[in-house]
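Working notes for the structure below.
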Amino acid sequence: MERIYIRDLRHSMDNSEAELNGWIQEVRKLKKISFLILRDSTGTVQVTLKPENIPDIDFITGVNRESVISVRGTVTKEGVAKSGIEVVAKSVKILNQAGTPLPLGITDPVEADFDTRLNNRFLDLRKPDKHLIFRVESSLLWGIRKFLMSNDFIEVHTPKIVAAATEGGADLFRVQYFEKNAYLNQSPQLYKEILISGGIDRVFEVGPAFRAEEHNTVRHLNEFTSVDIEMAFSDHNDAMKMLENAVRSGIQEVVDKNNESLELHGIHLKVPDVPFPRITYRDCISILEKEGQSVAFGEDFTPEQLREIGKKFPDFYFITEWPSSVRPFYTMPKPGDDEVTNSYDLQFGEKEITSGAQRVHDPELLEKRFRQKGLDPSAFEFYIKAFKYGMPPHAGWGLGLERLSMIILNLPNIREVTLFPRDRTRIVP
Ligand code: 4AD
Ligand code: MG
């Protein structure tokens, strides 16, 4: 007999035999017959137990909630269940018994505090709304991947144990690498660029990035998933187009695959129109000055300032032409105006989702930029070398997958979209 998912039960299957596997969510004992609410990864269904079919009915109804079972039975249309479908069991096998009491309830109307939920993540994920988050994240990434693959990108994997900092010296996790010091990589940036010199032309990578940020906020993790691209013979405008279309394709895939479940949970997703608005860093300063704030050119915006700008742009938009002082050494200065750079952030309201830029491709300018940033180029020999023997102009970006998931699901904390978050105080589970 074939296993079927609860989601796939149909009225047309009336009287046919089915095998269902899952967890006992609830037991209801009546005088003669009893009911189980069986839950699998796709939904719940009522299973009717009759003593004439199930001789050990008392044993079955006595096992603890959340025990794992396999049910074989007859799909029945005119069941008393709300969905109009139930399964009348012919046999029930207990595959594994759950202990009691549960450290976290699955159906409790009042949600446990976040720490208890994360400490018992395996139970938390059995709740349909939590499970849905990770289905959405998976669809989102699949939509982005499909888009990039159809635009001639190839997926690559670069080292996470590295010898040099990518995004500046701070926020690095040190690791002991035999007799040497090494670090956990903050971004695949340098390796993506070396691959451009390797003639691969268009690369993307989905992988962990590590940041030893001390602060605990609702949008920072110490380990996050970075979706990165790099494209040759391209500038920042080409990379921005690729980005807005990748985001659009990701959200389209989420809608195509999950809309029914999302609607069920009251989430109405809209696929965004492209192109996204673009405003410059200097325009943002003007917006803030009109609101009576004075902003020094050359500094990052504070969270309060981004909130103010976000009020004007509540959806996706780009902030472009950031000052050189706040962008890493690899960022291309804007020709004719080198106080600013050919760089951008993709924002959603006040939240940053992506940073990107056209990169410096001239090795002499690159070494100059290292020195301007107070960095010693000799620590980056392996990287600069790739620029000396034929490096194409190139551009790219790095997108925080959790940030994007959090935004499209309108969740208040990045930990909600992270299976096992790593933050200042948490490395378990
Ligand atoms: O802005 P970031 O630091 O830029 C880079 O890593 C560049 N190498 C990207 C490039 O190609 N130029 O990080 C990129 C994105 C951010 O916009 C944010 O979405 C996410 O990664 N991110 C974090 N997400 C969660 N927790 C953190 N601590 C994050 N730090 C960055
Ligand atoms: Mg950034």
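The values are calculated or read from the model by the stated rules, or taken from the named source; none is laboratory data. In this text, all values refer to a predicted model and were calculated from it rather than measured experimentally. Neighbour counts run over all protein chains shown; Cβ positions are idealised from the backbone, glycine included.
Counting just the residues of segment 335-349 that are within 28 Å of Lys311 (Cα to Cα) and more than 13 Å from ligand 1 (Cβ to nearest atom), which one comes out nearest to the chain's Cα centre (by Cα)?
By that ranking, first place goes to Gly349.
Scan (1) buried (at least 21 other Cβ atoms within 10 Å of the Cβ); (2) more than 16 Å from ligand 1 (Cβ to nearest atom); (3) more than 25 Å from Val326 (Cβ to Cβ); (4) of a type outside the set (A, V, I, L, M) for the single condition Pro429 breaks and write down its number.
Condition not satisfied by Pro429: (1).
Is it the case that Lys368 is out of contact with any His (no Cβ under 8 Å at 6 or more places or on another chain), closer than 22 Å to Ile229 by Cβ and more than 14 Å from ligand 1 (Cβ to nearest atom)?
Details: out of contact with any His (no Cβ under 8 Å at 6 or more places or on another chain): yes; closer than 22 Å to Ile229 by Cβ: no; more than 14 Å from ligand 1 (Cβ to nearest atom): yes.
Answer is no for this residue.
Give Val417, Val428, Val326 a once-over and let me know the one that is out of contact with any strand residue (DSSP E or B) (no Cβ under 8 Å at 6 or more places or on another chain), of a type in the set (Val, Ile, Thr), at negative phi and within 16 Å of ligand 2 (Cβ to nearest atom).
Residue meeting the stated conditions: Val326.
Go through segment 296-307 and give me each residue that's buried (at least 18 other Cβ atoms within 10 Å of the Cβ), farther than 30 Å from Phe380 by Cα and not polar (S, T, N, Q). Steps first, answer last, please.
Initially, segment 296-307 is screened for residues buried (at least 18 other Cβ atoms within 10 Å of the Cβ), giving 301, 305-306.
Retained after the next criterion (residues that are farther than 30 Å from Phe380 by Cα): 305-306.
Matches in segment 296-307: Leu306 only.
Restricting to segment 252-285, and then to whatever is touching a helix residue (DSSP H, G or I) at 6+ places or on another chain (Cβ under 6 Å) and aliphatic (A, V, I, L, M), can you tell me which residue is surrounded by the fewest Cβ atoms within 10 Å (Cβ to Cβ)?
Per the stated criteria, the residue is Val274.
With respect to Ser294, is the statement that it is over 30 Å from Leu365 (Cα atoms), of a type in the set (Gly, Ala, Ser), more than 16 Å from ligand 1 (Cβ to nearest atom) and in a helix (DSSP H, G or I) true? Explain how you work it out, then say what you get.
On the way: over 30 Å from Leu365 (Cα atoms): yes; of a type in the set (Gly, Ala, Ser): yes; more than 16 Å from ligand 1 (Cβ to nearest atom): yes; in a helix (DSSP H, G or I): no.
Criteria not met by Ser294.
Is it the case that segment 394-409 has a residue that's at pLDDT below 95, on the phi < 0 side of the Ramachandran plot and buried (at least 19 other Cβ atoms within 10 Å of the Cβ)?
no
Table: residues versus (1) within 16 Å of ligand 2 (Cβ to nearest atom); (2) over 30 Å from Ser197 (Cβ atoms); (3) surrounded by fewer than 16 Cβ atoms within 10 Å (Cβ to Cβ).
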| position | (1), (2), (3) |
| --- | --- |
| Gly310 | yes, yes, no |
| Phe316 | yes, yes, no |
| Trp322 | yes, no, no |
| Lys334 | no, no, no |
| Phe348 | yes, yes, no |
| Ser355 | yes, no, no |
| Lys368 | no, no, yes |
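Give the residues of segment 336-346 that are within 14 Å of ligand 2 (Cβ to nearest atom) and hydrophobic (A, V, I, L, M, F, W, C), sorted by residue number.
Initial filter on segment 336-346 (within 14 Å of ligand 2 (Cβ to nearest atom)): 341, 343-346.
Residue satisfying the conditions is Leu346 alone.
Quick check on segment 302-313. Is at least one of its residues closer than 27 Å to Gln189 by Cα, under 27 Å from the mean Cα position of the chain (by Cα) and either within 12 Å of ligand 1 (Cβ to nearest atom) or of a type in the set (Gly, Ala, Ser) (or both)? Don't jump to the end; show me each part of the working.
First, pick out the residues of segment 302-313 that are closer than 27 Å to Gln189 by Cα: 302-303, 306.
When the remaining residues are screened for being under 27 Å from the mean Cα position of the chain (by Cα), the result is 302-303, 306.
Imposing the further condition that a residue be either within 12 Å of ligand 1 (Cβ to nearest atom) or of a type in the set (Gly, Ala, Ser) (or both) reduces the set to none.
No: segment 302-313 contains no residue that is closer than 27 Å to Gln189 by Cα, under 27 Å from the mean Cα position of the chain (by Cα) and either within 12 Å of ligand 1 (Cβ to nearest atom) or of a type in the set (Gly, Ala, Ser) (or both).
How about segment 303-406: which helices (runs of 4 or more DSSP H) wholly inside it have at least 1 residues that are in contact (Cβ under 8 Å) with a residue 60 or more places away in the chain? Before the answer, list the steps.
Working: elements: 303-312, 363-372, 381-384.
Helices (runs of 4 or more DSSP H) meeting the threshold: 381-384.
Given the structure, is Pro363 surrounded by fewer than 19 Cβ atoms within 10 Å (Cβ to Cβ) and in contact with a Phe, Trp or Tyr (Cβ under 9 Å, 6 or more places away or on another chain)?
Working: surrounded by fewer than 19 Cβ atoms within 10 Å (Cβ to Cβ): yes; in contact with a Phe, Trp or Tyr (Cβ under 9 Å, 6 or more places away or on another chain): yes.
Spelling it out, Pro363 is indeed surrounded by fewer than 19 Cβ atoms within 10 Å (Cβ to Cβ) and in contact with a Phe, Trp or Tyr (Cβ under 9 Å, 6 or more places away or on another chain).
Say whether the condition of being closer than 27 Å to Met242 by Cα and within 16 Å of ligand 1 (Cβ to nearest atom) is met by at least one residue in segment 372-382. Step through it out loud before you land on a result.
Within segment 372-382, the subset closer than 27 Å to Met242 by Cα is none.
The answer is no; no qualifying residue exists.
Restricting to segment 212-227, name every residue that is buried (at least 20 other Cβ atoms within 10 Å of the Cβ), within 15 Å of ligand 2 (Cβ to nearest atom) and part of a loop (DSSP other than H, G, I, E, B).
Matches in segment 212-227: Leu221 only.
Does Phe178 satisfy the criteria of being surrounded by fewer than 18 Cβ atoms within 10 Å (Cβ to Cβ), among the aromatic types (Phe, Trp, Tyr) and either modelled with pLDDT of 95 or more or in contact with a Gly (Cβ under 8 Å, 6 or more places away or on another chain) (or both)? Before you say what the answer is, go through the steps one by one.
Working: surrounded by fewer than 18 Cβ atoms within 10 Å (Cβ to Cβ): yes; among the aromatic types (Phe, Trp, Tyr): yes; either modelled with pLDDT of 95 or more or in contact with a Gly (Cβ under 8 Å, 6 or more places away or on another chain) (or both): yes.
The answer is yes for Phe178.
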